[in-house]
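Below is one structure; the comments refer to it alone.
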Amino acid sequence: MRREPPRSLADYAPIAFPAIMLLVFFVIPFSTMIAVSFFRRDPAGFYSRDFIFDNYERFLSAFFGGVLSFSIMLAIVVAIICVILAFPFTWLLSQASRRVQIVWLVAILSVLSLSEVIIGFAWTTLFSRTAGLTNILVWLGLMSEPHALMPNFGAVLTGMVYQALPYTILVLYPAIVRLDPTLMEAARTLGSSPLRSFFNVIVPAMRSTITATLIMVFVFALGSYLLPQMLGRPQHWTLSVLITDQAIYQSNMPFAAAMAVFLVLMSLAFVGLTLLVGARKGAEA
Amino acid sequence: MSGLQLQDLTKRFGSVNAVASVNLSVPQGTFVCLLGPSGCGKTTLLRMIAGLEEPTEGAIVLDNKDMTGVPTHQRDFGMVFQSLALFPHLNVGENIAYPLRIRGVDKAEQKRRVEELLELVRLPGLADRPVAKLSGGQRQRVAIARALALRPKLFLLDEPLSALDAKLREAMQVELRQLQQSLGITTIVVTHDQREAMTMADLVVVMGEGRIRQAASPIQVYRKPSDAFVADFIGMTNLLPLKGNGDLLGRSFPSLGMAVGPRGGHLSVRPEDIRLVSPDQGTLTGTVTFVRDLGGTIETFVDVEGTSIVAVTTPRERTPYVAGDNVGIHLPVESCVVLKG
């Protein structure tokens, strides 16, 4: 294809549609949020136009710092667990027959159609004392009496991994299906057992896909605000929970906006860091 | 007996016989070409030998040891794949050292062996090059070096040269043959290119529909094909219908009738064996329909009783005919092969 620099205004026409979409659905809402984050809160009404740093100042405390680091830590742990579970699963799925693959993918898609609320309530029941999973253990004689498995960190983690796992699989699937199947066979003819070949050849060959998937799941998990409330204690609440709380229940839009801006900046920083580390590793190899 | 034996090797996919009771004995140090059209089962046969495909029936025996149930990674066979399957995350040296690393060979020894192998495939000093920065021919050599790193007992190659352009392919054929002879390693190559097989092989195994049609030296496969399929697949040939009573294109040859039997068959004559003579002198007569003058050789197509016969001559022998000429065709008895069925 020949590429010439655009000369007339009409030459820019093809990018008009994406530009408008980006403007309407990203630039305008995000700019509004940044602007609101500098506004002054009006306890009687909503907020008044101003340019103050109070909202950011309030955020710079040990409490919010703790919540922010917990949110990021939780999203990282969810991303890592999801990829560790989804990668071998997707690889095994790619080895199965076409029909088996379709059945699994349809099942995964159906999990994806469940809302966060339904997932939350389902796990609340499963972790409860009266109707939960421990009753099965009691019935099997492995436990003397049923326990409640929530609210705690494990419950939050389980719920969020459950929610993010289908996304992880669907992101990994196209790349893994395209992987040259003879790579694994070659490793086997060179004296490497199937398990070893998987870790020695398949995982490193898919390094960039794995990095991209980690980032995607991290960002996805960072936005979760219902599951931590339903399955965790207040100390397991993420920044997204506090943002919702400030915006909706405390009617403090400027402070909620400031926290949201901070969260976006922090997650961008993490994504950038991951890409940087990935690029450096790629350059070494 | 040392060497490789395939005994009644069969592979069925559902109700399809991909490979049907193959029996083959390959002496130690032989270069074998599995040759056939696509879908003839040659790749499946190679994959069974490598252990990548489990045989439905039969046995694979190497040096009197039954290898049939041995997993691929314990077989000690080197294999080069059609895709080459070089590991994209490793550089040239690391690719070649991969099998050594798996075996726990120490670092210094790995380095020494990698250099030795790169020397062997004529790529000295390229150990630190990323795989993506290699040309097609260089990748080919790296894949060969990697497969030979463990000094395998058996060297398997699945259409190894198919990705290369014609000139490089011919050069690599010669090189591969010389490499095999210097190492004395038993080698099996899958190919659909009969020239490749003729260039490299001690033993050509022609396969069709999952069966071995003929296994013999290249020249014997060419000169004495066992059936019409082999005669047609190896090189250019004229397959002339021969009736049981000895009728060949309207002429009667009772002695050929005796040889072919009552059910009839074909007479195979190579184009370069046919001599074009004046119309009254030939075994058969016909009309020239087309002349392809390729400079080095001239192909003359002659129509005899509705059957097209091609003769190949060199310009030195005589001036080309032109379409419409009447010619006689002389079929030398010693180079004609009678094929039954």
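Read-outs: derived from the displayed coordinates by stated rules, not from any lab. A quick note: this is a predicted structure, and the numbers were derived from the prediction, not measured. All Cβ positions, glycine included, derive from the backbone under ideal geometry; neighbour counts span all protein chains shown.
So here's what we get for this one:
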quantity	calculated
Every residue from region A:50-67 that is of a type outside the set (Phe, Trp, Tyr) and over 17 Å from residue A:247 (Cα atoms)	A:50, A:52, A:57, A:60, A:61, A:62, A:65, A:66
Region A:146-180 - residue that is out of contact with any Ser or Thr (no Cβ under 8 Å at 6 or more places or on another chain) and without any contact (Cβ under 8 Å) to a residue 40 or more places away in the chain and, of those, nearest to residue B:50 (Cα to Cα)	A:178
Single residue of region B:79-101 satisfying the filter (assigned to a strand (DSSP E or B) and facing chain A (nearest Cβ under 8 Å)) that is farthest from residue B:151 (Cα to Cα)	B:91
Test: residue in region A:114-130 that is within 14 Å of chain B (Cβ to nearest Cβ), exposed (fewer than 15 other Cβ atoms within 10 Å of the Cβ), closer than 27 Å to residue A:221 by Cα and not charged (D, E, K, R)	no
Selection count where residues are within 16 Å of residue B:209 (Cα to Cα), part of a strand (DSSP E or B) and in contact with a helix residue (DSSP H, G or I) (Cβ under 6 Å, 6 or more places away or on another chain), scope region B:23-56	2
Which numbered condition residue B:290 misses (of (1) touching a residue at least 12 places away in the same chain (Cβ under 8 Å); (2) under 19 Å from residue B:225 (Cβ atoms); (3) not in a loop (DSSP other than H, G, I, E, B))	(2)
Residue list for region B:37-78, restricted to those being more than 14 Å from chain A (Cβ to nearest Cβ), within 24 Å of residue B:163 (Cβ to Cβ) and not aliphatic (A, V, I, L, M)	B:37, B:38, B:39, B:40, B:41, B:42
Filter result for the condition that a residue is assigned to a helix (DSSP H, G or I), touching a Lys or Arg at 6+ places or on another chain (Cβ under 9 Å) and charged (D, E, K, R), over B:177, B:141, B:146	B:141
Selection from region A:247-261 of residues that are crowded, with 20+ Cβ neighbours inside 10 Å and not polar (S, T, N, Q)	A:253, A:254, A:255, A:256, A:257, A:258, A:259, A:260
Options B:339, B:256; residue that is under 14 Å from residue B:241 (Cα atoms) and either touching a Lys or Arg at 6+ places or on another chain (Cβ under 9 Å) or not in a strand (DSSP E or B) (or both)	B:256
Strands (runs of 3 or more DSSP E) lying entirely in region B:201-243 (those with 1 or more residues that are among the charged types (D, E, K, R))	B:211-216
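Results for (1) exposed (fewer than 14 other Cβ atoms within 10 Å of the Cβ); (2) farther than 17 Å from residue A:183 by Cα; (3) within 12 Å of chain A (Cβ to nearest Cβ), shown as yes or no for each residue.
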position	(1), (2), (3)
B:127	no, yes, no
B:131	no, no, yes
B:134	no, yes, no
B:139	no, no, no
B:143	no, no, yes
B:154	no, yes, yes
B:158	no, no, yes
B:161	no, yes, no
